[in-house]
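First comes the structure, then the notes that go with it.
The values are calculated or read from the model by the stated rules, or taken from the named source; none is laboratory data. Everything numeric in this text was worked out from a predicted model, so none of it was measured. Neighbour counts are summed over all protein chains in view; Cβ atoms, including those assigned to glycine, are modelled from backbone coordinates with ideal geometry.
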Amino acid sequence: MLKSFAFAIIIASCVLTASAKKIKEPPDPAWAEITARGRMLAEYEVAILYASDAAMALNPTKGSTDSYVATKTDVGWVVVFGRLTEMKDAYLVL
């Protein structure tokens, strides 16, 4: 019984040592890029949410818009609603 207890302690200390080494390793640089894209996507979603609420409060004519484009600027997000022309060569902003 004492041998199995000692063996369990040795195994546990090896596992804890291996775990500690993993924690000290620097994170993968790709994680920062992935996190930045995720945060940008979340900001985009929030901007669209607020912009669509504001646009719907203006009671636009049905069919006058079918899409939106959002761009992040230095001062915040700019969201425009509109549609393509029949020739699909220009975007008409509502």
Restricting the range 60-94 to residues that are closer than 22 Å to Tyr44 by Cα and hydroxyl-bearing (Ser, Thr, Tyr), which is surrounded by the fewest Cβ atoms within 10 Å (Cβ to Cβ)? Thr73
Considering only residues that are surrounded by 10 or more Cβ atoms within 10 Å (Cβ to Cβ) and either more than 22 Å from Ala90 (Cβ to Cβ) or touching a residue at least 40 places away in the same chain (Cβ under 8 Å) (or both), which ones fall in the range 49-59? Leu49, Tyr50, Ser52, Ala54, Met56
Expected output for the range 60-84 (first residue touching a residue at least 24 places away in the same chain (Cβ under 8 Å), partner in a loop (DSSP other than H, G, I, E, B), Cβ below 9 Å, 6+ apart or cross-chain) is Pro60/Leu94; Ser64/Leu94; Thr65/Leu94; Phe81/Pro60; Phe81/Ser64; Phe81/Thr65; Phe81/Asp66; Phe81/Leu94
Tally of residues being over 16 Å from Ile48 (Cα atoms) and not in a strand (DSSP E or B) across the range 76-94: 6
Residues in the range 57-64: is at least one of a type in the set (A, V, I, L, M, F, W, C), part of a helix (DSSP H, G or I) and at pLDDT 85 or above? yes
